[in-house]
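Every number in this text was worked out from the coordinates using simple rules, so none of it is lab data. Owing to the predicted nature of the structure, the values given are computational and were not obtained by experimental measurement. In this analysis, Cβ positions are derived from the backbone assuming ideal geometry, glycine residues included, and neighbour counts consider all displayed protein chains.
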Amino acid sequence: MQGNRITVCRRCSRPLRSAVSIARGYGAWCARLQWADDNAAIRADFTPAQNDGADETIELGALVAEGYALYATVGTRGDRYQTSAYGCTCPAHKPCKHMLAARLTDLRRRLWAAPAVPAAIVARSAA
C-alpha cells in the first residue's frame with residue numbers, strides 16, 4: 001500500500017501499475033469483470049420493463065447529474081424529477097426506472113470515470 005491507496009487489485013490481488021487503476025482499485029480487466037457482476041446484481045432487483053426504461057433513460061440523456069449521486073430526470077410526459085440511487089420524486093412511489101438508471105450511472109462513474117489521481121501516484125507509476 002502507498003499511504004491509504006490500494007496498490008493491488010481488489011479482485012485478483014495482482015499489483016496495480018497505472019495511476020488510474022490504483023485510484024480505482026481494480027486493473028482494467030478486473031474492472032470490466034467487476035462491472036459485469038455489479039451490473040447484473042443491480043438489475044436483478046428490477047423488472048424487465050424497468051431495465052428497458054432505465055437503459056432508454058440513459059441512452060436519451062434524460063438523467064443529468066445535479067450533484068454527487070443526485071440527478072435530474074425527465075419522465076415520459078416531460079415532468080422533471082429528482083432521483084438518486086435509492087429515491088425518486090416520480091409518482092411511482094417504489095423502485096422505478098429512474099432509480100435503476102441512477103444506480104447504473106453511479107456504478108459506471110465508480111468503475112470507469114477517470115478518478116482524480118494525486119500527482120505523487122502519477123509520478124510513481126511513471127517510474
Going residue by residue through segment 93-105, the Karplus relation 6.51 cos²θ - 1.76 cosθ + 1.60 with θ = phi - 60° gives ³J(HN,Hα) values, rounded to whole Hz and with x marking Gly or Pro, of 6, 7, x, 10, 4, 5, 5, 5, 4, 5, 5, 5, 5
Computed ³J(HN,Hα) along segment 61-69: with the Karplus parameters 6.51/-1.76/1.60, θ = phi - 60°, integer Hz and x for glycine or proline, the list is x, 7, 10, 10, 5, 10, x, 5, 6
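First check a/c for segment 38-98, with a ≥ b ≥ c the square roots of the eigenvalues of its C-alpha gyration tensor; if it is under 1.5, answer rounded, and if not, answer prolate when a/b is larger than b/c or oblate otherwise. The partial results should precede the final answer.
Details: a/c = 1.44, a/b = 1.31, b/c = 1.10.
Cα axes put segment 38-98 in the rounded bin.
Which chymotrypsin sites (Phe, Trp or Tyr not before Pro) from segment 19-103 combine a DSSP loop assignment with at most 12 other Cβ atoms within 10 Å?
Of the chymotrypsin sites (Phe, Trp or Tyr not before Pro), the ones in loops of segment 19-103 whose Cβ has at most 12 other Cβ atoms within 10 Å are 68, 86.
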Checked segment 9-59 with the C-alpha gyration tensor, a ≥ b ≥ c its square-rooted eigenvalues, rounded below a/c of 1.5, otherwise prolate if a/b is larger than b/c and oblate if not; verdict prolate
Spelling it out for residue 16: with amide H atoms placed in the peptide plane at 1.01 Å from N, the residues 5 or more places away or on another chain with amide H under 5 Å from its amide H are 8, 9
